[in-house]
1. Over segment 97-141, give the accessible area per residue in Å² for a 1.4 Å probe, as an integer.
2. Counting other Cβ atoms within 10 Å of each Cβ, which trypsin sites (Lys or Arg not before Pro) in segment 67-107 have at most 12 and sit in a DSSP loop?
3. Among Phe61, Phe92, what's the order by accessible area (1.4 angstrom probe), most exposed first?
4. Distance cut-off 32 Å, Cα to Cα: go down the list Lys57/Lys143; Lys109/Lys142; Lys57/Lys174; Lys66/Lys143; Lys57/Lys138; Lys109/Lys172 and report the pairs above it.
Amino acid sequence: MKKLFLILFLSFITSNGYCCSCAEKPSISKNWESAGQVFIGKVIKVDSLLYGNYGEKVYSFTIRIKKSYKGFFYPGRDYRTILYIDTASCDFIFDVGQEYLIYAKEDSKVLNCSLCSRTNLLENISEEELNTLVDLQKEDLKKRNEIKIIKFQNNIEYQIDLVKNSFEESLKRKDLLIYVLSGISVFSASNNNFID
């Protein structure tokens, strides 16, 4: 029994870290804070004839916004372009014709989207998350006239923050699991001593 707990314990605390290895998606509020725009949109086309400064392929996804939660949207301006760089392992890649809930970050007038954000197919998004976004939007509208401190980040800093938040939330869960397993092992050890 003790060997089983030891194996479980070691498997939870030893994990390899890879570039853009998002342990878990950060919370809705963390994603809200770091995203410049949050919206539901349908991907209508992709252009792939673009190349970056170092020859890497750049994909440009055109998205028609169906519902916005955060950001400034004006009538008649309901399209956005999100870039995916082929060598950027954390960039989110979209499928044409699909609808997504998108958490996007602006970097030099260009929108980027990360695998480590909560961006996902709309069909995979819970009602709870959509309701939370509505509440955050209402709160944001109330505070619109207040002075805000905005954290300026480029896409790389944004990606790093999302990965960092993801790992922090994962570590909190692992810590809780370690405490629970430790408690169980202490309890089972005390019961074994009591039975003897």
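The values are calculated or read from the model by the stated rules, or taken from the named source; none is laboratory data. No experiment lies behind these values; they were computed from the predicted model shown. In this analysis, Cβ positions are derived from the backbone assuming ideal geometry, glycine residues included, and neighbour counts consider all displayed protein chains. These accessible areas exclude ligands, DNA and RNA; they are computed on the full protein's heavy atoms, side chains included. Shrake-Rupley method; radii C 1.70, N 1.55, O 1.52, S 1.80 Å.
1. Normalised by residue count, the accessible surface of segment 97-141 is 49 Å².
2. Those that pass, being in a loop and sparsely packed, are Arg77.
3. Correct descending sequence by accessible area is Phe92, Phe61.
4. Correct reply: Lys57/Lys143; Lys57/Lys174; Lys57/Lys138; Lys109/Lys172.
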